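Okay, structure first, notes after.
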Amino acid sequence: MRGGISTGHPRAASSRRIAFIPRSINRDAIMPEPETELRKSPRTTMRKKAIVRTRKGSAMHCMVMDLSKLGACLQIASTLGVSDQVDLSFDNFRSHRTCQVMWRDATRLGVVFIAEE
C-alpha cells in the first residue's frame, strides 16, 4: 500500500471502499427520504405467538411481527404449502380471523383480514 492507495488488484481495492460523508455536508440533502407509508391503517410492531391454520386443515405456529386493523405480517418456519387463505388465532382457535395472503417470501406472510359475513 502506497500513500493510502492499494497497489493490488483493482477489484480488491474497490471492494474495500468505505462511504464517507464529511461533517460539512448536509446528510439529509444526499440521503434519500424513507419511503412514504402506503398502508391504509398504521401497523404496530409486536412479537406475539399465534397459530395459522390452512384451508387443508394443517396448523402451524407463527410469530405476528406487526398488526393493524386491516392485516398483519406473520413469521413462520416455511410458507411452502400455505394456501392463499388462512385462519389466524391468538387463543388456540377459541376465536380466529380469516385472512387473505397478499404477499409471501420464504418465511413470512403478509395478510389482510377478511370481513366475517
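The values are calculated or read from the model by the stated rules, or taken from the named source; none is laboratory data. None of these values were measured; they are calculated from a predicted model. Neighbour counts are summed over all protein chains in view; Cβ atoms, including those assigned to glycine, are modelled from backbone coordinates with ideal geometry.
Got a sec? Which of Lys69, Lys49 is of a type outside the set (Phe, Trp, Tyr), farther than 18 Å from Arg104 by Cα and modelled with pLDDT of 95 or more?
Among Lys69, Lys49, only Lys49 is of a type outside the set (Phe, Trp, Tyr), farther than 18 Å from Arg104 by Cα and modelled with pLDDT of 95 or more.
Every residue, every condition in (1) surrounded by 13 or more Cβ atoms within 10 Å (Cβ to Cβ); (2) in contact with a helix residue (DSSP H, G or I) (Cβ under 9 Å, 6 or more places away or on another chain); (3) free of Cβ contacts under 8 Å to residues at least 24 places away in the same chain, yes or no:
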position: Leu67; (1), (2), (3): yes, no, no
position: Cys73; (1), (2), (3): yes, no, no
position: Gln85; (1), (2), (3): yes, no, no
position: Asn92; (1), (2), (3): no, no, no
position: Ser95; (1), (2), (3): no, no, yes
position: Cys99; (1), (2), (3): yes, no, no
position: Ala106; (1), (2), (3): no, no, no
position: Leu109; (1), (2), (3): yes, no, no
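Take Lys49 and tell me if it is in a strand (DSSP E or B) and surrounded by fewer than 17 Cβ atoms within 10 Å (Cβ to Cβ).
The answer is yes for Lys49.
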